[in-house]
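**Q** Below you'll find the structure I mean.
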Amino acid sequence: MADSQCPVCGCKRFYVKNPEDEFDVCEFDCVDGRPVFDPEMDENQRPDIGEDAETYCNKCAWHGRFGELDSK
Ligand SMILES: [Zn+2]
C-alpha cells in the first residue's frame, strides 16, 4: 500500500487534536496508510486514530477524516 498524503499539498505529516483540549495536538507521519507517532512519544499518550478521526494537515489548512487521505 502506498503512502497516504494530504490531498491538497501532498504533505505526509498530520496531527489530531485532543477532544478534551484542542490546544493539545498530537503529530504523526502517515506511512502505509497508518499513523506513525514520534518514537519519543509515550505510548500511553498516543491517541487511537480510526477512519473517522478528524485529521489536520501539518502544512496547509486541509482537515478531514483520516479515512479520506489519498493513497497514491
Ligand atoms: Zn496539506
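The values are calculated or read from the model by the stated rules, or taken from the named source; none is laboratory data. None of the values given here were measured: they were computed from a predicted structure. For neighbour counting, all protein chains shown are included, and Cβ atoms are generated from backbone atoms with ideal geometry for every residue, glycine included.
**Q** When region 6-29 is examined, which residues are found to be more than 11 Å from Asn58 (Cα to Cα) and either among the small types (Gly, Ala, Ser) or not in a loop (DSSP other than H, G, I, E, B) (or both)? Break it down stepwise before answering.
**A** First, the residues of region 6-29 that are more than 11 Å from Asn58 (Cα to Cα): 7-8, 17-24.
Listed by number, the residues that qualify are Lys17, Asn18, Asp21, Glu22, Phe23, Asp24.
**Q** Right, another one. Say we look at region 14-23 and pick out the residues that are touching a Phe, Trp or Tyr at 6+ places or on another chain (Cβ under 8 Å) and either closer than 16 Å to Glu68 by Cβ or among the acidic types (Asp, Glu) (or both); which of these is nearest to the ligand (Cβ to nearest atom)?
**A** Once the filter is applied, the top-ranked residue is Phe14.
**Q** Can you name the condition, by its number, that Asp42 falls short on among (1) within 11 Å of the chain's Cα centre (by Cα); (2) surrounded by fewer than 13 Cβ atoms within 10 Å (Cβ to Cβ)?
**A** Among (1) within 11 Å of the chain's Cα centre (by Cα); (2) surrounded by fewer than 13 Cβ atoms within 10 Å (Cβ to Cβ), Asp42 violates only (1).
**Q** In region 49-72, how many residues are modelled with pLDDT under 90 and either surrounded by fewer than 12 Cβ atoms within 10 Å (Cβ to Cβ) or part of a strand (DSSP E or B) (or both)?
**A** 3
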